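The structure appears below as structure tokens.
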Amino acid sequence: MSGNSKSTEFDFKRMIDQILDAIIILNREKIVYSNRAANKLLSFDENTPLCGLSLGLFIDPSDMPIFRRHLEEICSNKMSTVTFALSIQSSKNNKIPSEITCHPFWDHEQQMVQITIRDISDRKAVEESMRQSEKLSVIGELSAGILHEIRNPLTSIKGFLQLMENSSQVNMDYMRIIMREIVQIEKITNELLYFTKPKREHFTQLDLSEIAQETISLFETQAIKQQTEMKISMNGENHLSFGDRTQLKQVFVNLIKNALEAIPAGGNIVINLWSADQEEHVTISDTGKGIPEQAFQNLGKSFFTTKATGTGLGLMVTYTIIKNHKGKVTVESEENKGTTFHLIFPKAHR
Ligand SMILES: Nc1ncnc2c1ncn2[C@@H]1O[C@H](COP(=O)(O)OP(=O)(O)OP(=O)(O)O)[C@@H](O)[C@H]1O
Ligand SMILES: [Mg+2]
């Protein structure tokens, strides 16, 4: 009988060793069992088990807080199974993007956790290449508009330079027009820089209220000049999300700039931040002139502007950044009353 149960155990181990996903059993953070795929992924030799080692040795240090939080969640019975992504430090010292599934169970009154590690580098690579080709297609769509928007000021610059060349004199009025046109080209190229930046975005955990505060400080002088009051109101201490700081700052800059440009003297801008279950909400409200119906349909389309020197790229870039951060945006506006942009981002947990 006991011989039988030994052979069943042996078959069972062999079966688990055949599984391609890395499987580890943890007691607290210590490894008490690892299958062949796990040994291969984390140690140099697939036949050397990892028993006795801490799993923390193989997790990217910046991902340890995420790992510990999920482990705590399932061990305190808040969840029965949890799946999340983090970087595993492989035996070859590479960082491997991985999907981790944790499932708790009891063995002789000891709480254990079964961990499955799945290498998702291929999936990540496909996602990255899709993001790149999406960007390229936006650039393709934009190209016609860019050519048009840049050719106009170039024609005007060339014309005024020719006039000065023919008269062999510098004309200060012409020079001012030339400068204005160059500034317009510069604005367009600056806005479009977003699409040409290096492929990898620098996503980190960040506090949206900090970014909002920093952006407000940037516009303080302009707001005072325009007699506009800007304030932030928020519930809770922080509003954590996950993203590229520079890009998210660009979102706040573009929306606050639009708000300031829409407000007559004496108006105000309020940024509201609040947390919901799995989301962080931000509204940017102004008491400006509002957006008429026909303009509303065109919001976010490239080169749509109602301003003499606007590029009409601000909202297009803003919407693209929000989409890349898995966020959402809605707009409410009433003519002569004001406009509110409502942004929703996925919440990042501590
Ligand atoms: N808060 C707002 N209040 C009123 N109108 C707005 C507001 N935000 C955007 N708009 C309208 O949407 C248009 C497009 O905005 P967008 O930021 O894309 O370009 P722009 O502001 O015109 O140019 P740029 O951003 O280059 O300065 C604006 O011209 C304006 O008509
Ligand atoms: Mg704008």
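Any chance the stretch 329-346 includes a residue that's under 24 Å from Asp207 (Cβ atoms), touching a strand residue (DSSP E or B) at 6+ places or on another chain (Cβ under 9 Å), not in a strand (DSSP E or B) and not hydroxyl-bearing (Ser, Thr, Tyr)?
no
Going through the stretch 321-350 one residue at a time, which ones are modelled with pLDDT under 90 and of a type outside the set (A, V, I, L, M)?
Taking the stretch 321-350 first, the residues modelled with pLDDT under 90 are 324, 348-350.
Hits for the stretch 321-350 are Asn324, His349, Arg350.
Identify all residues within the stretch 306-320 that are within 9 Å of ligand 2 (Cβ to nearest atom) and touching a Ser or Thr at 6+ places or on another chain (Cβ under 8 Å); write none if there are none.
Those that are within 9 Å of ligand 2 (Cβ to nearest atom) and touching a Ser or Thr at 6+ places or on another chain (Cβ under 8 Å): Thr311, Gly312, Leu313.
Tell me, yes or no, whether the stretch 103-119 has at least one residue that is exposed (fewer than 15 other Cβ atoms within 10 Å of the Cβ), within 21 Å of Asn47 (Cα to Cα), within 31 Å of the chain's Cα centre (by Cα) and at pLDDT below 90.
no
Could you list all residues from the stretch 251-282 that are buried (at least 20 other Cβ atoms within 10 Å of the Cβ) and polar (S, T, N, Q)?
Within the stretch 251-282, Asn254, Asn258 qualify.
If I filter the stretch 288-297 for residues that are more than 8 Å from ligand 1 (Cβ to nearest atom), assigned to a strand (DSSP E or B) and farther than 24 Å from Glu229 by Cβ, do I get at least one hit? Break it down into steps so the answer makes sense when it comes.
Pass one, the stretch 288-297, residues more than 8 Å from ligand 1 (Cβ to nearest atom): 292-294, 296-297.
Keeping just the survivors that are assigned to a strand (DSSP E or B) gives none.
Within the stretch 288-297, not a single residue is more than 8 Å from ligand 1 (Cβ to nearest atom), assigned to a strand (DSSP E or B) and farther than 24 Å from Glu229 by Cβ.
Here's a check for you: in the stretch 298-315, which residue that is more than 6 Å from ligand 1 (Cβ to nearest atom) and touching a residue at least 40 places away in the same chain (Cβ under 8 Å) is nearest to Lys231 (Cα to Cα)?
Going through the stretch 298-315, the residues more than 6 Å from ligand 1 (Cβ to nearest atom) turn out to be 298, 300-303, 308-309.
Next, only the ones that are touching a residue at least 40 places away in the same chain (Cβ under 8 Å) stay: 302-303, 309.
Details: Ser302: 30, Phe303: 30, Thr309: 27 Å.
Only one residue tops the list, namely Thr309.
Let me spell it out: the conditions are (1) within 13 Å of ligand 1 (Cβ to nearest atom); (2) over 17 Å from the mean Cα position of the chain (by Cα); (3) polar (S, T, N, Q), and Asn254 meets all of them except one. Which number is the exception?
(2)
Look through Ile211, Ile291 and report the one residue that is without any contact (Cβ under 8 Å) to a residue 60 or more places away in the chain, surrounded by 14 or more Cβ atoms within 10 Å (Cβ to Cβ), over 30 Å from Lys124 (Cβ atoms) and β-branched (Val, Ile, Thr). Outline the logic, then answer.
On the way: Ile211 fails: over 30 Å from Lys124 (Cβ atoms).
Result: Ile291 is the single residue among Ile211, Ile291 that is without any contact (Cβ under 8 Å) to a residue 60 or more places away in the chain, surrounded by 14 or more Cβ atoms within 10 Å (Cβ to Cβ), over 30 Å from Lys124 (Cβ atoms) and β-branched (Val, Ile, Thr).
What number goes with the only condition from (1) within 28 Å of Val183 (Cβ to Cβ); (2) within 15 Å of ligand 2 (Cβ to nearest atom); (3) not polar (S, T, N, Q) that Val329 does not pass?
(1)
Do the conditions hold for Ser137, that is, is it farther than 30 Å from Glu72 by Cα, outside the structural domain of Lys326 (by TED's automatic domain parsing) and surrounded by fewer than 13 Cβ atoms within 10 Å (Cβ to Cβ)?
On the way: farther than 30 Å from Glu72 by Cα: yes; outside the structural domain of Lys326 (by TED's automatic domain parsing): yes; surrounded by fewer than 13 Cβ atoms within 10 Å (Cβ to Cβ): yes.
Answer is yes for this residue.
Would you be able to tell me the number of residues in the stretch 298-328 that are out of contact with any His (no Cβ under 9 Å at 6 or more places or on another chain) and part of a loop (DSSP other than H, G, I, E, B)? Break it down stepwise before answering.
Within the stretch 298-328, the subset out of contact with any His (no Cβ under 9 Å at 6 or more places or on another chain) is 298-302, 304-327.
Going one step further and asking which of them are part of a loop (DSSP other than H, G, I, E, B), we end up with 298-302, 304-313, 325-327.
Matching residues across the stretch 298-328 total 18.
Kindly establish whether Ala276 is in contact with a Gly (Cβ under 9 Å, 6 or more places away or on another chain) and either of a type in the set (Gly, Ala, Ser) or away from ligand 1 (no atom under 11 Å from the Cβ) (or both).
On the way: in contact with a Gly (Cβ under 9 Å, 6 or more places away or on another chain): no; either of a type in the set (Gly, Ala, Ser) or away from ligand 1 (no atom under 11 Å from the Cβ) (or both): yes.
So Ala276 does not fit the description; no.
Which one of these is in a helix (DSSP H, G or I), modelled with pLDDT of 80 or more and either small (Gly, Ala, Ser) or within 22 Å of the chain's Cα centre (by Cα) (or both): Ser137, Ser133, Ser129, Ser143? Walk me through it before giving the result.
Working: Ser137 fails: modelled with pLDDT of 80 or more; Ser133 fails: modelled with pLDDT of 80 or more; Ser143 fails: modelled with pLDDT of 80 or more.
On inspection, the qualifying residue turns out to be Ser129.
Checking the conditions here, which among Ala144, Ala125 is surrounded by 11 or more Cβ atoms within 10 Å (Cβ to Cβ) and farther than 30 Å from Thr305 by Cα? So that I can check it myself, show each step before the final result.
Working: Ala144 fails: farther than 30 Å from Thr305 by Cα.
Of Ala144, Ala125, the one residue that is surrounded by 11 or more Cβ atoms within 10 Å (Cβ to Cβ) and farther than 30 Å from Thr305 by Cα is Ala125.
Could you list, in sequence order, the residues of the stretch 163-175 that are surrounded by 11 or more Cβ atoms within 10 Å (Cβ to Cβ) and assigned to a helix (DSSP H, G or I)?
Going residue by residue through the stretch 163-175, those that are surrounded by 11 or more Cβ atoms within 10 Å (Cβ to Cβ) are 163-164, 171, 174-175.
Leu163, Met164, Tyr174, Met175, listed by residue number.
Would you check which residues across the stretch 234-274 are within 16 Å of ligand 2 (Cβ to nearest atom) and part of a loop (DSSP other than H, G, I, E, B) and list them?
Passing the criteria: only Ile263.
Could we say that Asn324 is outside the structural domain of Gln184 (by TED's automatic domain parsing), within 16 Å of ligand 2 (Cβ to nearest atom) and under 20 Å from Leu192 (Cβ atoms) here?
no
From the list Leu248, Leu218, which one is farther than 18 Å from Gly312 by Cα and surrounded by fewer than 19 Cβ atoms within 10 Å (Cβ to Cβ)? Step through it out loud before you land on a result.
Numbers: Leu248 fails: surrounded by fewer than 19 Cβ atoms within 10 Å (Cβ to Cβ).
The match here is Leu218.
Name the pairs whose Cβ atoms lie under 8 Å apart, with the first residue in the stretch 256-268 and outside the structural domain of Met230 (by TED's automatic domain parsing), the second within 16 Å of ligand 2 (Cβ to nearest atom), and 6 or more positions between them or separate chains?
Short answer, once both residue conditions are applied: none.
The values are calculated or read from the model by the stated rules, or taken from the named source; none is laboratory data. The structure presented is a predicted model; accordingly, all values stated were derived computationally and were not measured. When we count neighbours, we look across all protein chains shown, and the Cβ atoms used for this are built from the backbone with ideal geometry, even at glycine.
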